[in-house]
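Note sheet for the following structure.
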Amino acid sequence: MWKREKRLPSCMTENVSDDLIRLVDMVKIYDTGSIKVLGLKRINLTIKRGEFVAIMGQSGSGKSTLMNILGCLDRPTMGHYYLDGIDTADMSPDALSAIRNRKIGFVFQSFNLISRTSALKNVELPMTYAHKSKKMREQRALELLERVGLGERYEHMPNELSGGQRQRVAIARALANEPPLILADEPTGNLDTASSVEIMELFSRLHKEGATVVVVTHEEDIAAFTERIIRFRDGQVVSDKRNVPKELTEEEAVKMKKEGTPCC
Ligand SMILES: Nc1ncnc2c1ncn2[C@@H]1O[C@H](COP(=O)(O)OP(=O)(O)OP(=O)(O)O)[C@@H](O)[C@H]1O
Ligand SMILES: [Mg+2]
C-alpha cells in the first residue's frame, strides 16, 4: 500500500482537507522582455487526494505551464497555488525545492535520466538530496525497480534500456521519496503503443495504491486510463469531465503477463 507521507511541522501546513491541489485565480504571464505571453488565465481548479487525472489540449494551450507550477518548478504570476494546504506563491526557491523533493515525483517525456549512471543510482538520486543513508537508498531503490518490473536490470545504464524501460526507471525515481503527488508531462510521448499502455497501467496501479496522479497527454487512448479529463484551450480550462477508466481486456493482460511487463 501507498504509505502515508510524513507530516510537515504544523506551522507549514493547514492540511485538513481532501484537496491536494487548489488553484485560486491563478495566472501565469511569461515576461520575455519585449512581449508578455499569457500562459494561463485565471485558473480555478481543485484536485483531490487519490485522483487520477489527464490534462489535454492543443499545443500551446498551457499544459506544461500548469504542470511546472503544480510541480513547483515555477510560480504563479498572480493568484495562489495551495499544495496540500500550503500556499506556494511567496515561497523562496529553496523552500520550493524542499517541498518539491518531499511532495512531488515528476516524470518527463524525455525520461531525464542521468546517462552513464546505473538505473539503481538514478533511482537513488532524490533520496541523496533527502539525506537518506546509503544502505537505505540502495534497498529502497532496488525495491522500487522491482516494483516497476526492472529488479534484474538495476546495474544497466539508460542506453542499455528500451524507451519503456527507461520511463519505468524514471517512474521508480519519481517514487523514491514516497511523494503524495505524481506529475507526468507527456510520459508516453516518446513511446510506442505497447510501452505506452505499460506505463499507463503502472500509473493506474500507483493510483489504486493511493497516489494522486496527473498526466498530460495529447492522446485520447492515454487519457482513457484516467478517471477525470481536464481540457485546456488558450490557457483556460474548457472542459472538466469524469471518465470511466479503461481496463485492459483479459487477452491484453495475459499477453502482457507473458511478456513479463509489470502491470499485472
Ligand atoms: N518560457 C517561456 N517563455 C515565454 N513563453 C512561454 C514559455 N513557456 C511557454 N510559453 C508560452 O506559453 C503558452 C503555453 O505553453 P505551454 O508550453 O504550457 O503549452 P503546452 O500546452 O504544454 O504545449 P505542447 O503540447 O506543445 O507541449 C504558449 O503560448 C507558449 O509559447
Ligand atoms: Mg507541453
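Just so you know, all these numbers are worked out from the coordinates, no wet-lab data involved. Every value quoted in this text rests on a predicted model; they were computed, and no experiment measured them. Glycine gets a Cβ as well: all are built from the backbone with ideal geometry, and neighbour counts include every protein chain shown.
Values for this structure:
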| item | result |
| --- | --- |
| In Å, descending, principal axis extents of the Cα set of region 177-251 | 38, 30, 25 |
| Equivalent ellipsoid dimensions for region 96-249 as semi-axes, Å, which come from the Cα gyration tensor, largest first | 27, 18, 14 |
| q = 0.23 Å⁻¹, region 71-178: log10 I(q)/I(0) [Debye, one scatterer per Cα] | -1.15 |
| Approximate spin-label separation residue 162-residue 112, in nm, with each point projected 7 Å along Cα-to-Cβ | 2.5 nm |
| Potential lengthening between residue 34 and residue 90 on full extension [0.36 nm per residue; Cα-Cα distance subtracted] | 17.6 nm |
| Region 72-185, relative contact order [Cα under 8 Å, separation at least 6], % | 36 percent |
| Packing-based ranking, highest mean first, of 221-229, 24-32, 203-211 given that Cβ atoms within 10 Å are counted | 221-229, 203-211, 24-32 |
| Alpha-carbon Rg/Rh ratio, for the chain, with Rh computed the Kirkwood way | 0.96 |
| Ordering of 164-172, 87-95, 70-78 by burial proxy (mean other Cβ atoms within 10 Å per residue, highest first) | 164-172, 70-78, 87-95 |
| Gained length - residue 46 relative to residue 218, 0.36 nm times residue gap less alpha-carbon distance | 59.8 nm |
| Fewest-first ranking of 216, 244, 123, using other Cβ atoms within 10 Å as the exposure measure | 244, 216, 123 |
